[in-house]
Amino acid sequence: MNHAAEQNIFIDVVLPVPIPQFFTYRLPREMAPLVKVGARVVVEFGKSRVLTALVMRLHNTPPEKYPAKYIQELLDTEPVVTAHQLWLFQWVAEYYMCTAGEVLNVALPSGLKISSQSKIQYNPDFNHHELLSELEKFFLDVLIREDSLSYEESARLIGDNDLARFIKGLVAKHAVVLYEEVSERYRPRLVKMIRLAEEYESDENAILLIESLAKAKKQQEAVLKYLSVIPLEELPYRNSAGIEKKDFKEQGISDAALNTLLDKGIFEQFEIRVSRFGNEKPDAEAAITLSEAQQQASDSIMAGFTEKDVVLFHGITGSGKTEVYIDIIKKALDSGTQVLFLLPEIALTTQIVRRLKRVFGDTMGVYHSKFSDNERVEVWRGVLEKKFPFVVGVRSSIFLPFSDLGLIIVDEEHEASYKQFDPAPRYHARDVAIMLAQKVRAKVLLGSATPSIESYYQAQNGKYGLVTLSERFGDARLPDIRLVNLREERENKTLQREFSSALLQGIGENLDRKKQSIIFQNRRGYAPYVNCQECNWIPHCNQCSVTLTHHLHEKTMVCHYCGYTESVPKVCPACGSPRIRSVGVGTERIEDDLHEFFPDARILRMDLDTTRTKNAYENIIGEFESGDVDILVGTQMVSKGLDFDRVNLVGVFNADKMIHFPDFRAAERAFQLITQVSGRAGRREEKGTVLIQTHNPLNRVLQYVLAHDYTGFYETELQEREGYNYPPFSRIIEITVKDTSQLLAHQAAERLTATLKSFLGTQRVMGPEKALVERVRNKYLFVIWLKLEKDRMNIQATKRYLQKEIVNLITDKKFRSVQVVVNVDAI
């Protein structure tokens, strides 16, 4: 008996919106046998929003609180999301205190989603108005007049009619264009192909065909061109594949001749789906040979995996960790499992992807946000179909649909870029990777020259395996590090525009020796701010409590929090004085100053402002790698995993601001950043030099950097953190309360703090305090911190209580405008 035909079938779906529960829809009976968990459906949500939802469950129980609407459309006959992914979405939502819809929104590529925010536009090539109904004609008239309409505006126009079906009908008639349909929603790359009709595949018929075209020379020439690519004797088994249509044009065959042959049925046109990533084969010359130390490290990692699920690989800068990774990846792939290689930022992918492509060819997929939506969907489907057993990607790659994942490598595992801050989910990809691996019984390899305190602590306590590689590859040696005392330089009047004499001399000598230099300053823009030398006026953002950063070349002042922009005034708006100057130093100013100091030097800058386009990283790195650039100025992008033969000098422009940032992780981050950027120097035979400009050369962090002493730094830092009960001895949950009213935000934060202190005790709740930047986008921010001991606290119960109290707060009439943001494991 067919029960599906007798009972109503319902599905629970997760919607890409921040609602805490799944939503239930009804299935048309004829569609019920086709729907599978993990497939996408199009549903109407609210009055007129059309969204892509993901099927979580099929059942026969209607919702009690609302009538279930029918789904609009089934997009997949097979799941696009695996069962393990569905589990992961829910785990991330629960652990990081957000909704499954917010996780879905981040996890699923835009090309796999449609939304009611799509715009509808009239197709100017449409000429068949006789095909339209009166309502459709009315709708198009409005559309032409308004240029474009949203789904909500369209719904109001057509009244009670089925919006999704109505728009779909107009799209089918080519009367309208959907913005997302054209630019964002996935479309496979199709190539037009030409082949001979099947009747001409025999030698005899093909020869007769050529003879019959004797009076149509151009058509005959087209057939002969085809047969020059696929000879007569190979037609029976190669003709079905055909050749690309563009090949005819390249051979001088006119479109007219080709179209005539198609009209006559001599040629057939068809389309094939091709990859956007080409078909690059592995390069036999790219085979790696490990040094004795690297081979020992690789063997130790594999041995470690027999006892531990997670191994920390502590390899100093320049030790050749990538070669060890390649060896481990090959072993995992040879065992038949899939591999995910996580990198913290796109900047890192350029060099390493090129190296890995040479080794693994087109079996390797690359996944990051600079790719188009179509490219990201192609990688997603490639993983689903096991075309890409190996993927290199940034943090969102953790959500790809692996079905047989055996190994996850997290390179530069200490990097803060693995943590997402806005929007939710505020997840840490390294920690999610460890949970996912535990679920699917995969192994995790964490790699870094400067491991996070938390990871090294887990390794020291036996939870993770630990493998150390403490020598550089080949004949390379660790660089000489010198601390340049800016106080002495200032007293001796040898400081020029914040450049020490030692740094300028080092760059000059490097240029004379045809070597390259990297200058690191962790602040972009020309200067942190401008001010009037007469009245001390300083321009601030009108929406955030920060100064506007001066960008000289664009002649603008920009807020790096909300994007607000002003032109640089010629005179002070407060007193009218023309004496306006830039204060402080950003990467743009360093670049300008270096052009003045070294006018013949070729200088490039790598920061957020110069790397916004898709191939910007690759172009800058390519120029520097080829030797066309003498000096590379950059922010922390230049510190991460880049490997250049000619770099012999690294200058750290200002170490002090990193060290003295008001954050308990400031010392750790400063040690990591300075060590990492220092590691770019002298990576071949010649020993490199690192010059670190500071006002306090005796600072303990700099002394550990000077000695290349990670272990000493770790032990000191761990002792300090234990005294203050900071991670790894506790978990930090950061709660930010926001509102356009400073008073209301403060009152809400005070109320929530008092409630939490009554539940957790005063020692575990800190705040509320004004945020470091107390106003962003016109909202005032107050921060509360929960410091929860790992061994003594029921973290899940605490989260449930916190969630309940947040709901109680924001449903209070007085605080309905207040927004509360929770950041679990804040870093």
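Scanning segment 801-811 for residues that are loosely packed, with under 14 Cβ neighbours inside 10 Å and farther than 18 Å from S758 by Cβ yields a single hit, T811.
Pick out the one residue from F661, F644, F624 that is under 23 Å from S500 (Cβ atoms) and out of contact with any Ser or Thr (no Cβ under 6 Å at 6 or more places or on another chain). Outline the logic, then answer.
Values: F644 fails: under 23 Å from S500 (Cβ atoms); F624 fails: under 23 Å from S500 (Cβ atoms).
None of the others qualify; the one that does is F661.
Restricting the search to segment 373-399, which residues are out of contact with any Leu (no Cβ under 8 Å at 6 or more places or on another chain), open to solvent by less than 40 Å² (accessible area, probe 1.4 Å), over 13 Å from V106 (Cβ atoms) and at pLDDT 90 or above? So that I can check it myself, show each step before the final result.
Taking segment 373-399 as the starting set, the residues that turn out to be out of contact with any Leu (no Cβ under 8 Å at 6 or more places or on another chain) are 373-376, 378, 381-382, 384-388, 396.
Remaining after also requiring open to solvent by less than 40 Å² (accessible area, probe 1.4 Å): 373-376, 378, 382, 388, 396.
Remaining after also requiring over 13 Å from V106 (Cβ atoms): 373-375, 378, 382, 388.
G382, F388 - these are the residues of segment 373-399 that are out of contact with any Leu (no Cβ under 8 Å at 6 or more places or on another chain), open to solvent by less than 40 Å² (accessible area, probe 1.4 Å), over 13 Å from V106 (Cβ atoms) and at pLDDT 90 or above.
Would you say D283 is open to solvent by 40 Å² or more (accessible area, probe 1.4 Å) and at pLDDT 95 or above? No: the conditions fail for D283.
Just checking, which of D709, D825, D739 is under 28 Å from the mean Cα position of the chain (by Cα) and either at pLDDT 95 or above or not hydrophobic (A, V, I, L, M, F, W, C) (or both)? Before you say what the answer is, go through the steps one by one.
Working: D709 fails: under 28 Å from the mean Cα position of the chain (by Cα); D739 fails: under 28 Å from the mean Cα position of the chain (by Cα).
The match here is D825.
Taken over segment 793-814, the criterion of being of a type in the set (S, T, Y) and assigned to a helix (DSSP H, G or I) is satisfied by T798, Y801. Any residue in segment 770-790 that is open to solvent by 30 Å² or more (accessible area, probe 1.4 Å), of a type outside the set (K, R) and free of Cβ contacts under 8 Å to residues at least 40 places away in the same chain? Scanning segment 770-790, I find no residue that is open to solvent by 30 Å² or more (accessible area, probe 1.4 Å), of a type outside the set (K, R) and free of Cβ contacts under 8 Å to residues at least 40 places away in the same chain, so the answer is no. Taking the conditions (1) modelled with pLDDT of 95 or more; (2) in contact with a helix residue (DSSP H, G or I) (Cβ under 9 Å, 6 or more places away or on another chain); (3) open to solvent by less than 70 Å² (accessible area, probe 1.4 Å); (4) more than 30 Å from N461 (Cβ to Cβ) in turn, K814 satisfies each one other than (3). Summed over segment 215-248, residues that are open to solvent by less than 60 Å² (accessible area, probe 1.4 Å) and under 14 Å from I266 (Cβ atoms) total 11.
Collect the residues in segment 258-268 that are assigned to a helix (DSSP H, G or I) and open to solvent by less than 10 Å² (accessible area, probe 1.4 Å), keeping them in residue-number order. Talk me through it step by step, then tell me what you get.
Taking segment 258-268 first, the residues assigned to a helix (DSSP H, G or I) are 258-263.
Hits for segment 258-268 are L258, L261.
Does M1 satisfy the criteria of being open to solvent by 50 Å² or more (accessible area, probe 1.4 Å), at pLDDT below 95, among the aliphatic types (A, V, I, L, M) and over 24 Å from G393 (Cα atoms)?
Details: open to solvent by 50 Å² or more (accessible area, probe 1.4 Å): yes; at pLDDT below 95: yes; among the aliphatic types (A, V, I, L, M): yes; over 24 Å from G393 (Cα atoms): yes.
The answer is yes for M1.
Listed by position, the helices (runs of 4 or more DSSP H) contained in segment 130-178 that have at least 2 residues being within 19 Å of E73 (Cβ to Cβ) are 151-158, 163-172.
Which ones in segment 575-599 are free of Cβ contacts under 8 Å to residues at least 40 places away in the same chain and under 25 Å from Q693 (Cα atoms)?
Taking segment 575-599 and keeping what is free of Cβ contacts under 8 Å to residues at least 40 places away in the same chain, we get 576, 578, 595-596, 599.
Passing the criteria: H595, E596, P599.
Selection of first residues in segment 367-386 that are within 16 Å of K113 (Cα to Cα) and of second residues that are open to solvent by 30 Å² or more (accessible area, probe 1.4 Å) and in a strand (DSSP E or B), restricted to Cβ pairs under 9 Å at least 6 apart or on distinct chains, gives the following pairs, ordered by first then second residue: N374/R189; E378/R189. If you check S369 against the conditions, is it hydroxyl-bearing (S, T, Y), assigned to a loop (DSSP other than H, G, I, E, B) and within 17 Å of P109 (Cα to Cα)? The answer is yes for S369.
Scan segment 655-688 residue by residue and report those that are of a type outside the set (K, R) and open to solvent by 40 Å² or more (accessible area, probe 1.4 Å). Don't jump to the end; show me each part of the working.
Residues of segment 655-688 that are of a type outside the set (K, R), as a first pass: 655-656, 658-664, 666-668, 670-679, 681-682, 685-686, 688.
Once the filter is applied, which keeps residues that are of a type outside the set (K, R) and open to solvent by 40 Å² or more (accessible area, probe 1.4 Å), segment 655-688 yields H660, F661, P662, D663, F664, E685, E686.
Condition check ((1) open to solvent by 40 Å² or more (accessible area, probe 1.4 Å); (2) basic (K, R); (3) more than 26 Å from Y726 (Cβ to Cβ)) across all residues:
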residue: H414; (1), (2), (3): no, no, no
residue: R426; (1), (2), (3): no, yes, no
residue: V440; (1), (2), (3): no, no, yes
residue: V444; (1), (2), (3): no, no, no
residue: I453; (1), (2), (3): no, no, no
residue: Y456; (1), (2), (3): no, no, no
residue: F473; (1), (2), (3): yes, no, yes
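Taking L466 as meeting all but one of (1) assigned to a strand (DSSP E or B); (2) crowded, with 22+ Cβ neighbours inside 10 Å, write down the number of the exception. The single condition L466 does not satisfy is (2). Condition first: in a helix (DSSP H, G or I), β-branched (V, I, T) and either surrounded by 14 or more Cβ atoms within 10 Å (Cβ to Cβ) or under 36 Å from the mean Cα position of the chain (by Cα) (or both). Can you find one or more residues in segment 495-515 that meet it? Yes - at least one qualifying residue is present in segment 495-515.
The values are calculated or read from the model by the stated rules, or taken from the named source; none is laboratory data. Nothing here was measured: the structure is a model prediction, and the numbers come from that model. Here Cβ is always computed from backbone atoms with ideal geometry, including for glycine, and neighbour counts include all displayed protein chains. Note: areas computed on protein heavy atoms with side chains; ligands, DNA, RNA excluded. Shrake-Rupley method; radii C 1.70, N 1.55, O 1.52, S 1.80 Å.
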